[in-house]
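Below is one structure; the comments refer to it alone.
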């Protein structure tokens with residue numbers, strides 16, 4: 001009997017390219033929100049957390065598995081674990097040992113808050129005996145690139161070689177950034193593309209609202225957002241605001257056409273990663289590579305290697321926000337849910353976003369990294385746009401009317417963000433007010449930003 005595994009399905013044209021998006025469509029009654037949040041670890045000497053060793057991140061993964069029922073996952077047999085899974089949630093490692101919770105798809109932000117609180121409590125319980133502290137920031141506040149460790153994930157060496165050739169801050173993206181991300185559902189092509197269009201138009205405003213990365217190697221360099229600046233200098237064909245998607249007539253096919261022309265990183269065959277950074281996916285689909293033909297799995301892998309400010313996969317991903325301290329981390333998914341899951345709010349957000357042109361938004365992105373909500377956009381401050389956007393989301397969450405045990409709607413998760421926006425400040429402004437020196441005490445930075 002032949003026990004050879006069947007070959008994976010080959011890509012056979014546009015229908016297969018559209019398949020991941022159509023398969024992801026779900027009824028409005030089943031809409032969920034998933035939240036991903038990355039964080040930096042430092043040891044008792046304020047050095048970046050190592051990969052292995054008695055106080056390394058591997059020990060954190062082992063302790064989470066031993067104490068809380070997480071199941072270890074390995075890329076190949078006998079390799080060290082680089083991920084944990086429990087139910088629909090996972091914990092993964094980014095290239096320089098940033099620890100990411102990829103939360104389960106949940107019905108409301110009250111559940112997201114409970115999930116995040118549980119994760120942070122578990123993480124604290126296993127990390128404190130190791131002398132480790134985790135930081136809620138968008139850019140590593142202390143470490144140089146050379147001080148950061150490497151996670152032995154198969155694709156990371158490929159990215160490490162390739163990204164510096166196409167953007168000045170490619171290695172910063174891999175090793176020194178952390179984000180909080182919201183993943184949203186859609187019910188149809190029209191719904192997905194409408195949400196993509198609105199989300200792309202407002203994403204630089206969201207970036208300003210959540211700017212939380214004022215330090216670079218221990219110093220303030222005049223920016224509130226080091227992480228957003230990284231994304232302005234990172235492989236243009238796979239990043240940005242996707243101007244083709246700003247049209248009301250845009251379809252899945254337009255997103256596919258963009259993705260086909262983006263450069264590849266790799267393909268996987270028989271458990272082996274094959275580097276392929278010299279080919280666009282359209283050419284790979286037409287001509288193959290080293291005898292390999294394009295499969296459906298290759299396409300989904302490729303979609304995962306694209307990094308626009310809002311990404312369309314099996315969910316719609318908001319990717320423009322710095323990671324946050326504990327009190328603000330759930331504000332990002334709350335904002336997204338309030339704007340996109342209530343029809344009145346989505347109508348109003350669309351009307352607001354339609355007042356912004358692509359050229360205006362593009363021109364404001366550099367100023368946003370420097371001044372956050374005080375930057376200029378379309379003849380007014382970004383803070384004025386943010387105030388309107390936040391009000392729409394607050395009212396949307398009130399209309400959705402999901403209440404916690406204290407009778408509060410999901411608006412409660414926007415309260416810390418509302419306080420900042422009312423003050424015309426982003427999180428980094430708060431940090432700078434607390435530590436105004438251009439080179440503050442590193443231990444004070446750690447204490448102020450721990451999650």
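For segment 422-446, filtered to residues that are part of a loop (DSSP other than H, G, I, E, B) and crowded, with 16+ Cβ neighbours inside 10 Å, the residue that is nearest to the chain's Cα centre (by Cα) is 426. Any residue at all in segment 227-235 that's modelled with pLDDT under 95 and farther than 19 Å from residue 375 by Cα? No, every residue in segment 227-235 fails to be modelled with pLDDT under 95 and farther than 19 Å from residue 375 by Cα.
Counting residues in segment 261-272 that are closer than 30 Å to residue 113 by Cα, in contact with a helix residue (DSSP H, G or I) (Cβ under 6 Å, 6 or more places away or on another chain) and in a strand (DSSP E or B) gives zero. Here is a check on your reading of the model: is residue 41 over 28 Å from residue 405 (Cα atoms), in contact with a strand residue (DSSP E or B) (Cβ under 8 Å, 6 or more places away or on another chain) and touching a residue at least 12 places away in the same chain (Cβ under 8 Å)? Criteria met by residue 41. Scanning segment 292-335 for residues that are in a strand (DSSP E or B) and over 12 Å from the mean Cα position of the chain (by Cα), we see that the one that is surrounded by the fewest Cβ atoms within 10 Å (Cβ to Cβ) is 292.
Return yes or no: is residue 339 closer than 21 Å to residue 27 by Cα and surrounded by fewer than 21 Cβ atoms within 10 Å (Cβ to Cβ)? Here the answer is no, as residue 339 does not meet what is asked. Selection over segment 3-25 of residues that are part of a loop (DSSP other than H, G, I, E, B) and surrounded by 17 or more Cβ atoms within 10 Å (Cβ to Cβ) gives a count of 1.
Cβ contacts < 8 Å: first residue free of Cβ contacts under 8 Å to residues at least 60 places away in the same chain, restricted to segment 342-360; second residue not in a helix (DSSP H, G or I), any location; separation 6+ or different chain. Result? Matching pairs, first to second residue: 355/378; 357/378; 360/377; 360/378.
Do we find a residue being at pLDDT 95 or above, crowded, with 22+ Cβ neighbours inside 10 Å and under 18 Å from the mean Cα position of the chain (by Cα) anywhere in segment 140-160? So far as segment 140-160 goes, yes, one or more of its residues are at pLDDT 95 or above, crowded, with 22+ Cβ neighbours inside 10 Å and under 18 Å from the mean Cα position of the chain (by Cα).
Going through segment 356-382 one residue at a time, which ones are surrounded by fewer than 13 Cβ atoms within 10 Å (Cβ to Cβ) and farther than 21 Å from residue 308 by Cβ? Selection gives 379, 380. The conditions of being outside any loop (DSSP other than H, G, I, E, B), at negative phi and either surrounded by fewer than 21 Cβ atoms within 10 Å (Cβ to Cβ) or in contact (Cβ under 8 Å) with a residue 24 or more places away in the chain (or both) are not met by residue 52.
Among the residues of segment 79-100, those that are in a loop (DSSP other than H, G, I, E, B), out of contact with any helix residue (DSSP H, G or I) (no Cβ under 7 Å at 6 or more places or on another chain) and closer than 20 Å to residue 50 by Cα comprise 79, 82, 94, 98.
The values are calculated or read from the model by the stated rules, or taken from the named source; none is laboratory data. Small disclaimer: the values here were computed from a predicted structure and weren't measured. Note that each Cβ is placed from the backbone with ideal geometry, even for glycine, and that neighbours are counted across all protein chains shown.
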